[in-house]
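Asker: Quick one: the structure is below, and I'll ask about it shortly.
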Amino acid sequence: MEAILAMPQLKVIQPDGWLRPPGLSWGMAASAGQIVTVAGQLATVNGAMNVAPGLDFVAQYRQALQNVVEVVTAAGGAPANIAMMRAYVRDIEAFKQGGAGLRDAWMSTIGKHFPPMTMVQVVMLFDPNALVEIDAVAII
């Protein structure tokens, strides 16, 4: 006899005050133990689709991290619930040279929580002004 598996119920996560993105969700929560997936976050504010011109790598990294945390928080979690992250950067050397600015961005946003993270250099991101995009999975 074949087992019938129930599909988990998924809930779209839409942080208060954010614009609804076209064709995707900022986050998705599953009923099975509250697994939250966070869409790639650029250095935008309140779900806007455009990165302000002229923001340096560290400022963009900080805002993208903050956006990940806001989606996880909207799902009922906290930075400590982030189980995995991926960062896509246009210039890996900018990350390597970010030093204290990147450490400060991480500590003020995520704190002393260090989930597994993958970083990949890419040619282009969704917005031509974007230097970094970060996605995540959280378990709440």
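Asker: Using a 7 Å offset from Cα along Cα-Cβ at Lys96, what residues in region 109-140 end up with backbone N under 16 Å from the label point?
Answerer: Residues passing the 16 Å test: 119-122.
Asker: Taking the inverse of the average 1/r across all pairs of different Cα atoms in the chain, what Kirkwood radius in Å do you get?
Answerer: 15.6 Å
Asker: Then there is this: Subtracting the Cα-Cα distance from 0.36 nm times the residue separation, let me have the gained length for Asp16 to Met107 in nm, one decimal. List each step's numbers first, then the result.
Answerer: Details: separation 91, 0.36 × 91 = 32.76 nm, distance 2.42 nm.
Between Asp16 and Met107, full extension yields an extra 30.3 nm.
Asker: For region 10-139, with only Lys/Arg (+1) and Asp/Glu (-1) charged at the beta-carbon, what is the dipole magnitude about the Cα centre, in debye rounded to 20? Intermediate values should be presented prior to the final figure.
Answerer: On the way: 8 positive and 9 negative charges, 50 e Å.
The calculated dipole for region 10-139 is roughly 240 debye.
Asker: Counting other beta carbons within 10 Å of each Cβ, put Thr109, Thr44 in order, fewest first. Don't skip to the end; give the middle numbers.
Answerer: On the way: Thr109 18, Thr44 22.
Fewest-to-most Cβ neighbours within 10 Å comes out as Thr109, Thr44.
Asker: Within a 10 angstrom radius of the beta carbon, how do Leu125, Leu65 rank from fewest other beta carbons to most?
Answerer: Going from least to most buried by this count: Leu125, Leu65.
Asker: Phe114 label point, 7 Å along Cα→Cβ, cut-off 14 Å on backbone N: hits in region 82-96?
Answerer: It comes to no residues whatsoever.
Asker: Just to confirm the number: angle between the C-alpha axis of helix 99-109 and the first principal axis of the chain, 0 to 90 degrees, nearest 10?
Answerer: For 99-109 against the chain, the angle is about 40 degrees.
Asker: Over the chain, what relative contact order in percent results from Cα pairs under 8 Å that are six or more residues apart?
Answerer: Details: 272 pairs, mean separation 43.6, N = 140.
Relative contact order comes out at 31 percent.
Asker: Another question about this same structure. How large is ³J(HN,Hα) for each residue in region 70-85, as worked out from phi by the Karplus curve 6.51 cos²θ - 1.76 cosθ + 1.60 (θ = phi - 60°), to whole Hz, x for Gly and Pro?
Answerer: 5, 5, 4, 5, 4, 8, x, x, 9, x, 5, 7, 5, 9, 6, 9
Asker: Counting each DSSP H run of 4 or more residues in the chain as -39500 (n - 2.57), what helix-only mean residue ellipticity at 222 nm follows after dividing by all residues, to the nearest 500 deg cm²/dmol? Could you put the intermediate results ahead of the total?
Answerer: Working: 3 runs with 34 residues, N = 140.
Value at 222 nm, helices only, nearest 500: -7500 deg cm²/dmol.
Asker: What ranking of Trp18, Trp26 emerges when the number of other C-beta atoms within 10 Å of each C-beta is taken as an exposure proxy, fewest first?
Answerer: Working: Trp18 18, Trp26 24.
With the fewest neighbours first, Trp18, Trp26 line up as Trp18, Trp26.
Since every read-out is calculated from the coordinates, none of them should be taken as a lab result. Everything numeric here is computed off the predicted structure, so don't read it as measured data. When we count neighbours, we look across all protein chains shown, and the Cβ atoms used for this are built from the backbone with ideal geometry, even at glycine.
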